[in-house]
1. Condition check: farther than 24 Å from D183 by Cα and in contact (Cβ under 8 Å) with a residue 40 or more places away in the chain. Does G278 satisfy that?
2. Scan the range 83-103 residue by residue and report those that are more than 10 Å from the ligand (Cβ to nearest atom) and acidic (D, E).
3. For T230, work out the one condition from (1) among the hydroxyl-bearing types (S, T, Y); (2) out of contact with any strand residue (DSSP E or B) (no Cβ under 9 Å at 6 or more places or on another chain); (3) crowded, with 21+ Cβ neighbours inside 10 Å it doesn't fulfil.
4. Return the only residue of G62, G15 being in a helix (DSSP H, G or I) and within 13 Å of the ligand (Cβ to nearest atom).
5. For the subset of the range 60-97 comprising residues that are touching a Ser or Thr at 6+ places or on another chain (Cβ under 8 Å) and among the basic types (K, R), which member is nearest to E2 (Cα to Cα)?
6. Tally up the residues in the range 1-13 that are under 19 Å from the mean Cα position of the chain (by Cα) and surrounded by fewer than 22 Cβ atoms within 10 Å (Cβ to Cβ), please.
7. Have a look at V61, V54 and point out the one that is free of Cβ contacts under 8 Å to residues at least 40 places away in the same chain, over 25 Å from T239 (Cα atoms), exposed (fewer than 13 other Cβ atoms within 10 Å of the Cβ) and of a type in the set (V, I, T).
8. Considering only the range 99-197, give the strands (runs of 3 or more DSSP E) lying wholly within it that have at least 3 residues that are more than 20 Å from V30 (Cα to Cα), at pLDDT 95 or above and within 18 Å of the chain's Cα centre (by Cα).
Amino acid sequence: MEIRQVGVVGCGLMGSGIAQVAAMAGFPTVVREVTPELLGKGMSSIERSLAKFVEKGTITVGQRAETLRRLKPTTQLTDFAGCDLVIEAIIENLGPKREVYASLDKIVKAEAIFASNTSSLSITEMMTATKRAPQFIGMHFFNPVPLMTLVEVVKTVVTDPTVIETALTYTRQVGKTPILTSDRAGFIVNRLLVPYLLDAIRALEEGFGTIEDIDNGMKLGCNHPMGPLTLLDFVGIETTYYIAEILFNEYRETRFAPPPLMKRMVMAGMYGRKSGKGFYDYAEPKNPKPNRMLER
Ligand SMILES: NC(=O)c1ccc[n+]([C@@H]2O[C@H](COP(=O)([O-])OP(=O)(O)OC[C@H]3O[C@@H](n4cnc5c(N)ncnc54)[C@H](O)[C@@H]3O)[C@@H](O)[C@H]2O)c1
């Protein structure tokens, strides 16, 4: 199936990036938010990102203008009727997602593909809110979408093989590299990354080293761009906690269980960079200091 027009539901952090890369690749793209204010905010972040690409010489001023022309911002789901592919990137909550899919199912043409950008929810559970199960797939982009090149394409037990092929092709058309996986919690990346991050917290709890020694161990010893505790502060400790709980509930294996220190940090509002305090203190954001209260 050929994708000619794309729809993106949600124009937050991820939706704005997903709409931007679609339009940059030449697809007329409808993008929906719930209010004109949120839509304006999302479109401004697309404009800022495109301006940076122009500054760096990645795209020309003309290409920026063409990209913006291809984007149709809207607050109406009815504008998705003619889309061939609809990618949903709204709040990570099953109820609202199922509601959006049930509404879209009645509006969007029958042969169109629905994709979710969920990080942790079941694609199969969202799929059952529609009557187009074989045309439902996961497309998990990474943040920031315009820069990160990976997309996890997630098939269910009933996805039509031609739909999988179309999703893989579309991913390449927007300049990304797809990896194919099945609908299981965490997909490939979080299935591997989350136990590693949880283990770094356990190493801290058990007194294996200071915060900066644990981070430097993986940075300098394994050439990771940042240590696990710094990465946790970036991603958000409460976000990772939430994903760990989902993985633990799915697999019932202790390696996915959030360690007690992590739970205490979440309860205390220490979410990492976004709250100013996590494994590091961000009072001076350019010079974070290890939070010694967490060390043994
Ligand atoms: N943040 C990340 O690093 C990341 C990475 C990969 C995947 N994801 C997934 O992407 C999805 C979106 O995450 P985000 O970080 O962009 O969240 P976000 O809060 O930045 O954006 C979500 C947006 O969806 C809008 N929205 C809510 N209901 C809507 C509806 N019915 N129609 C249209 N818009 C609606 C909200 O107003 C909000 O602006 C989630 O499923 C999340 O798990 C996030």
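1. Values: farther than 24 Å from D183 by Cα: yes; in contact (Cβ under 8 Å) with a residue 40 or more places away in the chain: yes.
Against the criterion (farther than 24 Å from D183 by Cα and in contact (Cβ under 8 Å) with a residue 40 or more places away in the chain), G278 qualifies.
2. Correct list: D84 only.
3. Status for T230: all satisfied but (2).
4. Details: G62 fails: within 13 Å of the ligand (Cβ to nearest atom).
Just a single option satisfies the conditions, and that option is G15.
5. Result: R70.
6. We begin by selecting, within the range 1-13, every residue under 19 Å from the mean Cα position of the chain (by Cα); these are 6-13.
If we keep only those that are surrounded by fewer than 22 Cβ atoms within 10 Å (Cβ to Cβ) as well, we get 12-13.
Qualifying residue count, the range 1-13: 2.
7. Numbers: V54 fails: exposed (fewer than 13 other Cβ atoms within 10 Å of the Cβ).
The match here is V61.
8. On the way: elements: 113-116, 136-141, 150-155, 177-182.
Passing ranges, in order: 150-155, 177-182.
The values are calculated or read from the model by the stated rules, or taken from the named source; none is laboratory data. Note that the coordinates shown come from a computational prediction; the quantities given were computed from them, not determined experimentally. Reconstructed Cβ throughout: ideal geometry from the backbone, glycine too, with neighbour counts over all protein chains shown.
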